[in-house]
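Everything on this sheet refers to the single structure shown next.
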Amino acid sequence: MDEYLTFTLCGDRYAFSIKDVDSVVEASGFTRIPKAARYVRGIMNLRGSVIPVVDLRLKLEMPARGDGARESVIVLAFEEESGTRLVGAVADEVHEVLALDESRIEEPPALASAPEGAFVSGIGKSDSGFIVILDAAAAYVGRAEASA
């Protein structure tokens, strides 16, 4: 069984593999970067390190939140030649770590447009409905643009 960190975007349930998650922190104190892509919220200080932060709603072409509600940052970790790279991914609300057997995960259906489908690695089926499993590497600005 694999484990997934579940979260909400625009009222729907999504997840990242727990293997890609470093931590979850409250969203606060972003510093904007001039001329960054629209979905880059900015940078933040995490335990003394500067990390980029991506707004998952905007990255996935969903409406911006704009209601002033509290958000969470899922800190994703990627191994690179130079070491571990961290990137924050803003979610509306983080829920739980859910264990899903491989038999409860299906390949994503053929989608109308490849760029949106590139972010989906599978569809999990839980007792409470579907969970869209996202490719954590696609949330990382450098990797998503490098693979495009």
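Just so you know, all these numbers are worked out from the coordinates, no wet-lab data involved. Predicted model only: the values in this text are computed from it and were never measured. In this analysis, Cβ positions are derived from the backbone assuming ideal geometry, glycine residues included, and neighbour counts consider all displayed protein chains.
On full extension of the chain, what length is gained from S126 through I18, given 0.36 nm per residue of separation minus the C-alpha to C-alpha distance?
My answer for the length gained is 37.2 nm.
How big, on average over all directions, is the shadow cast by the Cα convex hull of segment 1-107, in nm²?
Working: hull surface 32.6 nm².
If you wrap the Cα atoms of segment 1-107 in a convex hull and average its projections, you get 8.2 nm².
What's the extension gain from S28 to R47 if we count 0.36 nm per residue and subtract their Cα-Cα distance?
On the way: separation 19, 0.36 × 19 = 6.84 nm, distance 1.35 nm.
In short, 5.5 nm is gained.
For segment 1-54, just the Cα set please: Rg and Dmax, both in angstrom.
In Å, with Rg to one decimal and Dmax whole: 13.4, 43.
Each label point is 7 Å from the Cα along the Cα-to-Cβ direction; what then is the distance between the points at D2 and R38, in nm?
3.1 nm
Based on the Cβ-Cβ distance of E79 and E102, what FRET efficiency does E = 1/(1 + (r/R0)^6) give at R0 = 22 Å, to the nearest 0.05?
With a Förster radius of 22 Å, E is 0.40.
Given the rule -39500 (n - 2.57) for each run of at least 4 DSSP H residues, summed and divided by the residues of the chain, what is its mean residue ellipticity at 222 nm, to the nearest 500 deg cm²/dmol?
Helix-only estimate at 222 nm: -2500 deg cm²/dmol.
What order do you get for 23-30, 73-80, 50-57 when each peptide is scored by the mean count of other beta carbon atoms within 10 Å, highest first?
So the peptides 23-30, 73-80, 50-57, ranked by packing, come out 50-57, 73-80, 23-30.
Under a Cβ-only charge scheme (Lys and Arg +1, Asp and Glu -1), can you give me the dipole magnitude of the chain about the Cα centre, in debye to the nearest 20?
That gives the chain a dipole magnitude of about 740 debye.
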